[in-house]
Structures are given as structure tokens and as C-alpha cells.
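Input: a single structure, listed below in C-alpha cells.
The values are calculated or read from the model by the stated rules, or taken from the named source; none is laboratory data. Keep in mind it's a predicted model, so treat the numbers as computed, not measured. Cβ coordinates were reconstructed from backbone atoms using ideal geometry, including for glycine residues, and neighbour counts include every protein chain displayed. These accessible areas exclude ligands, DNA and RNA; they are computed on the full protein's heavy atoms, side chains included. Shrake-Rupley method; radii C 1.70, N 1.55, O 1.52, S 1.80 Å.
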Amino acid sequence: MEYLPDISHLHYLGLFILLIAGGVGLPFPEDATLILCGVLISGGDVKAVPAILTVYAGLLCGDIILYHFGKKFGRKVVTHKWFHRVLPPEKLEKAEARFKKYGVLTILIGRHIAGLRAQLFLVSGILRMAFWKFVLTDAVSAIFTMALMVGIGYKGGEELPVIRAYIRVAGRAVLIAAVAAGVLYLIYSYLMRRRARAAGNGS
């Protein structure tokens, strides 16, 4: 794989974008991204400390975004065309009841269950859990998620060098695509805001 160009500087940004995208409902599983991080570390594509700090920040930022959406829209979030898929109306009451009964334990435990974590973060905002309490609880819980998944990727990369080689190639393509998508989204958002301002001034 030596012929591949050095894009290590994009790996960190790509991992961060993938975690944010996966956190808000796009089809980029959080666990898979963390495992990919471990594989990249084992292959020397990224340095351990910066990579771990990057994915940790990505995990927390994605969770905080969901919390704020829940807090901003309240129970109406289930009617939002995007978050309706994350938290359908029929699951809202169950998630709220679970949260009210167990409090912060719901986040500490539920964060490790794919499909449930996003619902709990939205409900945390809907029920207006204190922001500092949410961040502190999530930060502690995320450490265990990150350590487990990154560790699995790192160990697997060490034990299965052939598979690691293919994952690294695929990972490079996905990370580049994530960075490109992030840049295009920013450009699109800027142009849409500019168009909206122009329309407002024209009226």
C-alpha cells in the first residue's frame, strides 16, 4: 500500500465528520468509525493520541447536537422530517419513561446500545436535563465506548494484517469522501444563506 498518497492529515477530519454525521442519523455507524480509528492507529496511518482526542471530541459533539435539537424543538422533534427517523412518535413515551425512571443511568448505560443512544440524547434535551449534567454524564460514558471499539479495531488490525490492509484502503476512501461531503455541505449552507438574504433584501 506504499503507493497510496499521504493523506494522514485528512484522517482526523474525516473521522470527526463521520462521527458527527453518524450521530445525527446518517448511515455511518459510530461503532464502525471507532473501529476504523483503531485499525488506522494499528497501521500507523494516524497517531494514537491525536486520533483518540479527535474521535472523543466527535462523539461528544454529535451527542450535544442531538441534545440541543431536543431542547429546541421539544416533543415536536418527532415530527421533524429528519429526526422522525431517529425518534419515532411511538418510541418517544417509552424513552421518556425510561429516562424519568433511571435518570443519568439511562445515558450511562443506554449510550452503549446502538439505536437507543440517539433517542436518549434527544429526550435529554426534550426533558431539559441540565446541560452540564448531560455533558458530564455523556463524557464519562463515551470513554468506555471509545476505549472498547477503538481497542477492537487496534487489536484486529494487529492480528489480521491482510484484512487491515483492505480496511485501510477502504477507510481512506470513506474518510476522503466524508471530508469532501463536509466541505460541500458548508459551501451549500453558505450559498443558501446568501440566497435567503438576497431574497429578503429584494422583498
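Based on Cβ point charges of +1 for Lys and Arg and -1 for Asp and Glu, what charge dipole magnitude is obtained for the stretch 81-127 about its Cα centre, in debye rounded to the nearest 20?
Details: 9 positive and 3 negative charges, 18 e Å.
Here the stretch 81-127 has a charge dipole of around 80 debye.
In order along the stretch 134-148, the Karplus-derived 3J(HN,Hα) couplings, from 6.51 cos²θ - 1.76 cosθ + 1.60 at θ = phi - 60°, round to 4, 4, 5, 5, 5, 4, 5, 5, 5, 4, 5, 4, 5, 4, 5 Hz, and Gly and Pro are given as x. Packing here is the average count of other Cβ atoms within 10 Å per residue, and on that basis the peptides 93-103, 119-129, 31-41, highest first, run 31-41, 119-129, 93-103. For the stretch 56-71, putting each phi into the Karplus relation 6.51 cos²θ - 1.76 cosθ + 1.60 with θ = phi - 60° gives couplings of 5, 5, x, 4, 5, 5, x, 5, 5, 4, 4, 4, 5, 5, x, 5 Hz, in residue order, rounded to whole numbers and with x for Gly and Pro.
Per residue, the stretch 1-139 exposes an accessible area of 51 Å² to a 1.4 Å probe, with every protein chain left in place. Residues of the stretch 104-143 with amide nitrogen under 13 Å from the 7 Å Cα-to-Cβ point of residue 96? Under 13 Å, as judged by backbone N against the label point of residue 96, lie 123-128 of the stretch 104-143. For residue 103, nonlocal amide neighbours, meaning residues 5 or more places apart or on other chains whose placed amide H falls under 5 Å from its own, do not occur.
Charged side chains reduced to their Cβ positions (Lys and Arg at +1, Asp and Glu at -1) give the stretch 59-139 a dipole of some 200 debye around its Cα centre. Rounded to the nearest 20 debye, the dipole magnitude of the stretch 1-152 is 1040 debye, with +1 charges on Lys and Arg beta carbons, -1 on Asp and Glu beta carbons, and the Cα centre as origin.
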